[in-house]
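The structure under discussion appears below in the form of structure tokens.
The values are calculated or read from the model by the stated rules, or taken from the named source; none is laboratory data. For clarity, every value in this text was computed on a predicted model and none was experimentally measured. Glycine gets a Cβ as well: all are built from the backbone with ideal geometry, and neighbour counts include every protein chain shown. Just so you know, the surface numbers come from the protein's heavy atoms only, side chains and all, with ligands and any DNA or RNA stripped out. Shrake-Rupley method; radii C 1.70, N 1.55, O 1.52, S 1.80 Å.
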Amino acid sequence: MVATVKIAVLGAQGVGKSAIVRQFLYNEFSEVCAPTTARRVYLPAVVMNGHVHDLQIMDFPPITAFPVNTLQEWADVCCRGLRSVHAYILVYDICCFDSFEYIKTIRQQILETRVIGTSETPIIIVGNKRDLQRGRVIPRWNVSNLVKKTWKCGYIECSAKYNWHILLLFSELLKSVGCARCKHVHTTIRFQGALRRNRCTIM
């Protein structure tokens, strides 16, 4: 039995987090922005380096604060399962300073309120809308330096619209949660090839 990797995707309204998930799963993008108002759960299985990995991707609507305990987590239907995931993807819009401040706050709350013994839960910061980089509000080097050196998190920029670095994001995420078979030197290349050929190998 393959253990299921639980992933939470968080971000402010309009940053494109749902677009990232749908591009990864279905290889599609819509120009129409449909706000996420409820938690959406996807259960794909992906093939990486010849091995199957079951994922549970939870796309959450914007939350006012990370739940401080299990009671608060399950009292709010939008937050259910948020404290028990194996990894967090925090998405911001590179053209919106407020969206970066949002994930900055959520990251800090995650570190302060997660259950004891899970402090090493991977957090990947994702700068979406790279295709609009002329409107970037914070220099890429500044963000990358802060995230990698100070926050000790992974950092990836992507474009959900053009499917750029979407596969790389999930490849890096699987490696960060400790999938033993995902740590080969050419993992990303093999992962991308497999998913492109088989449309993400959804099972």
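Determine, from the Cβ-Cβ distance of Phe97 and Tyr26 and an R0 of 35 Å, the FRET efficiency 1/(1 + (r/R0)^6), rounded to the nearest 0.05.
According to the calculation, E is roughly 0.70.
Got the relative contact order for the range 1-73 handy, in percent, Cα pairs under 8 Å and 6 or more residues apart?
Reported relative contact order: 41 percent.
Not counting ligands, DNA or RNA, and with a 1.4 Å probe, what is Lys129's accessible surface area in Å² rounded to the nearest 10?
Per-residue accessible area (Lys129): approximately 50 Å².
Going down the list Lys17/Lys149; Lys129/Lys161; Lys6/Lys175; Lys129/Lys152; Lys152/Lys175; Lys6/Lys161, which pairs span over 19 Å between their C-alpha atoms?
Lys17/Lys149; Lys129/Lys152; Lys6/Lys161
Can you list the aspartates and glutamates whose alpha carbon sits under 19 Å from that of Lys104, skipping same-chain ones fewer than 8 residues off?
Reachable aspartates and glutamates: Asp59, Asp93, Glu112, Glu120, Glu157.
When DSSP assigns beta bridges and you keep just the ones with both residues in the range 58-178, what percent turn out antiparallel, to the nearest 5? Present the calculation step by step, with values, prior to reporting the outcome.
Working: 1 of 11 bridges.
If I count the DSSP bridges inside the range 58-178, around 10 percent turn out antiparallel.
For Tyr88, Tyr162, give me the order by solvent-accessible area with a 1.4 Å probe, most accessible first, ignoring ligands, DNA and RNA.
Details: Tyr88 0, Tyr162 145 Å².
Largest accessible area first, the list is Tyr162, Tyr88.
If each residue of separation counts as 0.36 nm, what is the full-extension length gain between Val77 and Asn145 once their alpha-carbon separation is subtracted? Can you show the working numbers first?
Numbers: separation 68, 0.36 × 68 = 24.48 nm, distance 3.54 nm.
Full-extension gain reported as 20.9 nm.
Between Arg134 and Ala45, what length comes free when the chain is fully extended (0.36 nm per residue of separation minus the Cα-Cα distance, one decimal in nm)?
My answer for the length gained is 28.4 nm.
Antiparallel DSSP bridges in the range 1-84: what percent, to the nearest 5?
On the way: 7 of 13 bridges.
Once the DSSP bridges in the range 1-84 are tallied, antiparallel ones form about 55 percent.
State the answer as a single residue: which of Pro61, Gln72, Val47 lies farthest towards the positive end of the charge dipole of the range 1-84, with beta carbon charges of +1 for Lys and Arg and -1 for Asp and Glu, about the Cα centre.
It is Gln72.
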